[in-house]
Amino acid sequence: MSNRKMITAALPYANGPVHIGHLAGVYIPADVYARFQRRLGKDVAFICGSDEHGIPITIRAKKEGVTPQDIVDKYHEIIKKSFSDLGISFDEYSRTTSKNHYETSQDFFKTLYEKGKFTEEVSEQYFDEQAGEFLADRYIVGTCPNCGNENAYGDQCERCGSTLSPSELINPKSMLSGNVPVLKETKNWYLPLNEYEDFLNEWIIEGHKDDWKPNVYGQVKSWLNDGLKPRAMTRDLNWGVPVPLPNAEGKVLYVWFDAPIGYISFTKEWAEKNGKDWKDYWQSENSDLVHFIGKDNIVFHCIIFPSMMKAHGDYIMPKNVPAFEFLNLENDKISTSRNWAVWAHEYVEDFPGQQDVLRYALLSSAPETKDNNFTWKDFQTKNNSELVGIFGNFINRVAVLIHKYYDGVVPSGDSNAAELQEISKSAKEISGFLENYEFRNSLTALMNLARFGNQYLQTEEPWKTIKDNPEKAAHSLFAGAQIAVALAQLSEPFMPFSSEKLLNMFNVQKLTWSDIENQSVLIQTGHTINESSLLFSKIEDDVIEAQIQKLEDTKQNNKKTNPNANPMKEEITFDDFTKIDLRTATITEAEKVEKADKLLKLTVDTGVDVRTVVSGIAESFTPEEVIGKQVMILLNLAPRKIRGIESQGMLLLTTKPDGKLSFVTPDDSTVENGIEIG
Ligand SMILES: Nc1ncnc2c1ncn2[C@@H]1O[C@H](COP(=O)(O)OP(=O)(O)OP(=O)(O)O)[C@@H](O)[C@H]1O
Ligand SMILES: [Zn+2]
């Protein structure tokens, strides 16, 4: 084991604020680990920053009519403040638009280029001639070949979830101009990942079978089993780090090339300010590199970035990549675009001074080995029963009784008593779990010490023995004080705000982890403690209901701005519109079409003539229901045979949320048939 810990947390993408999913899946566990390593006396660099390049940012900027820089400036500040408010103890939090990052990532690219690690490949890519730009996959929309969704993206259909490439889309269109894009040749630089398969197999599949998490190991194995392909490390785009080669105008580094190099750039920035050498953390065998990420980032941190570092030649490989699964909210997938989230900055406003409650609740339901769910009710229970009922209650009783019976001076007791062994036992247990990235178990071990303390006081009953056996009472509170101070010390990685309050309350200094493991006496007889203050307070039902209501409002709002509604179709002229002959009409007869579940044969009085229309409405209406209904008809639609019946025209219908159809009708019954609509 080495003395240095180079800890990174996934760079949050600067197109939205931080939510509880990010916190539970990456930043809080990473912070617990970093704080713990510092307490072990390790030389820790805990590094992060905003990821400010890539397509979603440019798309968002276009939508809002601002520049990509405007977007990232806004979210970088919000994200940075949320982390600091929640006590995430980054040594450096920077951003990928920093000058230093441009230089570092360009240098990295140049080194690989000069060593001949890239292959150059010419490929055909979609190009928007009107906008004069190559189109990233996300910038192309069209019909999904799998489900028929008309608004599938060039890389993915969000309706059926299938992964696509732009050439698979039916009727591809550019999102920039709405035009049909053309294929045009372009040259890019590729990293032949297939050449790194042997190295990855040996290093991860053979070398980390036992110490990496099964979810991480399994994902890597399946990527390797499928075989790796060369991947483009540059893109035709105008937002990002420019490719540092001649004749590479209009090309930038692939966002997943530059983003992980951000860890290195930001370490440099931190090292420079603190008189350290960044290479001691990234290029020395006496350093453990650990990446904290969510499961969707595994391939980038276990395959692509390591291959880049291997190609470079000077870097150490990560010791571990403890990736988390996903956190859901109230049984629904957390989503920035649907605003389905508990936002860190809003939590801090709604629950002032209660950051540790969120840290505790998220850690105890961290999606460590499988996806997990956050609910407000559960959050309330964790606070009221565990933090208030057990942890806070125990410490408060100890402090209050010491003030009451001994004027705030720790009484004398037997420092060899068996109950004091619990302290070092807990410290060792927590430490073992944390070294193994088992955050939930470590938190349980901490709470178990508080539980033990509570029970101990309950059996000892110093409030009774103080009368007839004062020596016993003194020892009980001496031992209670040791356990309370142990909790103050050991809770720091998990609940840093409360830990600090507690250390002040007991008027003691921070100890190293090994001191806590090795000393049974953490606060001496005769030591004066400060006034006790309440650590945690009960969260009432109305507070929780307000949060639930907020989510309910989001649901309602999402219904209003219907996420299922298709975006506008291609623009048409007024002349185009006047070609359409829409009229009011009345259905006079209706019957089922034999052997067709969906069809009704209708006789329609159009005011101009009486005609037959076959309409696919039988799953929404019975024939009886529609007779006499006034409707709207598209009169000049070319006739068409459906099931042997000639259908002359089309009725206008729309769809209700339950999927049933609804007629478009005039809202006034005095409108006669045959009147034009327009
Ligand atoms: N619900 C979640 N649970 C656990 N981890 C998550 C969750 N959402 C994102 N993460 C992780 O947080 C880190 C930063 O995420 P990033 O900024 O890239 O956002 P994202 O994945 O685009 O999320 P969103 O789409 O919700 O904004 C990544 O490592 C990602 O895997
Ligand atoms: Zn689809």
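Computed from the coordinates by the stated procedures, all read-outs in this text should not be read as laboratory data. These numbers come from a predicted model, not from an experiment. No Cβ is skipped: glycine too gets one built from the backbone with ideal geometry, and neighbour counts run over all protein chains shown.
For segment 370-421, the pair-distance distribution built from all alpha carbon pairs, in bins 5 Å wide starting at 0, is 4, 16, 12, 16, 17, 11, 8, 7, 6, 3 percent.
On the basis of the beta-carbon distance and an R0 of 30 Å, ASP575 and GLN130 show a calculated FRET efficiency of 0.85. Binning the alpha carbon pair distances of segment 115-236 at 10 angstrom intervals from zero yields the distribution 13, 29, 29, 21, 7, 0, expressed in whole percent. Here's the list of aspartates and glutamates a cross-link from LYS428 could span, going by alpha-carbon distance under 20 Å and ignoring same-chain residues fewer than 8 apart: ASP31, ASP211, GLU419, GLU438, GLU492, ASP515, GLU517. Derived from the Cα gyration tensor, the three semi-axes of the equivalent ellipsoid of the chain are 59, 37, 20 Å, largest first.
Using the Cα centre of segment 254-330 as the reference point, and only Cβ charges (+1 on K/R, -1 on D/E), how large is the resulting charge dipole? Debye, rounded to the nearest 20.
Working: 7 positive and 11 negative charges, 30 e Å.
Dipole about the Cα centre, nearest 20: 140 debye.
Positive end of the dipole of segment 574-663 (Cβ unit charges, origin at the Cα centre): among THR654, ILE633, GLY616, the Cα lying farthest that way belongs to GLY616.
Computed over neighbours whose Cβ is under 14 Å from that of TYR13, the net charge equals +1, Lys and Arg +1, Asp and Glu -1. Rounded to the nearest 0.05, what FRET efficiency do LYS273 and SER2 give with R0 = 35 Å and r taken as the Cβ-Cβ distance? Could you check? Plugging the Cβ-Cβ distance into 1/(1 + (r/R0)^6) gives 0.90. At 1.306 mPa s and 10 °C, plugging the Kirkwood radius over alpha-carbon pairs of segment 453-507 into Stokes-Einstein gives what diffusion coefficient in µm²/s? My calculation gives 132 µm²/s for D.
Counting neighbouring Cβ atoms within 10 Å and putting the fewest first, the residues ILE539, ILE402, ILE170, ILE523 line up as ILE170, ILE523, ILE539, ILE402. Taking Cα centre as origin and charging only the Cβ of basic (Lys, Arg, +1) and acidic (Asp, Glu, -1) residues, the dipole magnitude of the chain rounds to 660 debye.
Do you know the relative contact order of segment 574-663, to the nearest whole percent, from alpha carbon pairs under 8 angstrom that are 6+ apart? RCO, segment 574-663: 27 percent. Measuring nothing but alpha carbons in segment 218-300 and taking Rh as the Kirkwood radius, the Rg to Rh ratio lands at 1.05.
Return the calculated 222 nm mean residue ellipticity for the chain, to the nearest 500 deg cm²/dmol, obtained by summing -39500 (n - 2.57) across DSSP H runs with n ≥ 4 and dividing by the residue count.
Values: 22 runs with 251 residues, N = 678.
Estimated from H runs of four or more residues: -11500 deg cm²/dmol.
Stretched out straight at 0.36 nm per residue, the stretch from GLU195 to GLU150 would grow longer than its current Cα-Cα span by 12.4 nm. In terms of surrounding Cβ atoms within a 10 Å radius of their Cβ, HIS22, HIS312, HIS53 rank from fewest to most as HIS312, HIS22, HIS53. By the Cβ rule of 4.7 Å, the chain holds the following cysteines without a possible disulfide partner: CYS48, CYS302.
Estimated at 0.36 nm per residue, the fully extended path between ASN247 and LYS115 surpasses their Cα-Cα distance by 45.6 nm. Here, segment 8-156 is characterised by an Rg to Rh ratio of 1.05, where Rg is the alpha-carbon radius of gyration and Rh the Kirkwood radius. The label-point distance for LYS229 and SER662, in a model that sets each label 7 Å from Cα toward Cβ, rounds to 4.5 nm. Using the Cβ of LEU635 as centre and a radius below 13 Å, the other residues enclosed give a net charge of -1, where K and R count +1 and D and E count -1.
In a Debye calculation with equal point scatterers on the alpha-carbon sites of segment 574-663 and no solvent, what is log10 I(q)/I(0) at q = 0.15, 0.17 Å⁻¹? So the normalised log intensities work out to -0.55, -0.70. Of the cross-linked pairs LYS74/LYS310; LYS81/LYS276; LYS42/LYS251; LYS319/LYS501; LYS74/LYS295, those separated by over 31 Å at the C-alpha level are LYS74/LYS310; LYS42/LYS251; LYS319/LYS501. Using C-alpha pairs below 8 Å separated by at least 6 residues, the relative contact order for segment 95-162 is 15 percent. Here is the size of segment 375-518 from its Cα atoms: Rg then Dmax, 15.2, 48 Å. The charge dipole of segment 115-236, taken about its Cα centre with unit charges on the Cβ atoms of Lys, Arg (+1), Asp and Glu (-1) only, comes to about 180 debye. Taken as entire DSSP H runs, the helices of the chain that both span 15 Å or more between Cα atoms along their own long axis and average 0.0 or more on the Kyte-Doolittle scale are 393-406, 470-490.
Over all distinct Cα pairs, what is the inverse of the mean 1/r for segment 421-496, reported as the Kirkwood hydrodynamic radius in Å? Write down the numbers at each step before the final one.
Working: mean 1/r = 0.0758 Å⁻¹.
The Cα-based Kirkwood calculation yields 13.2 Å.
In the chain, Cα pairs under 8 Å separated by at least six residues give a relative contact order of 12 percent.
I'd like the FRET efficiency for GLN69 and SER669, computed as 1/(1 + (r/R0)^6) with the beta carbon distance as r and R0 of 56 Å, rounded to 0.05. Could the numbers behind the result be given before it?
Working: r = 57 Å, r/R0 = 1.02.
Calculated value: 0.45.
Relative to the current alpha-carbon distance between ASP296 and GLU594, full extension at 0.36 nm per residue lengthens the span by 102.2 nm.
Spatially close Lys pairs in segment 115-236, defined by Cα atoms under 27 Å apart and a spacing of eight or more places or different chains, total 15. With Rh defined as the Kirkwood radius, the inverse of the mean 1/r over Cα pairs, the Rg/Rh of segment 260-375 is 1.06.
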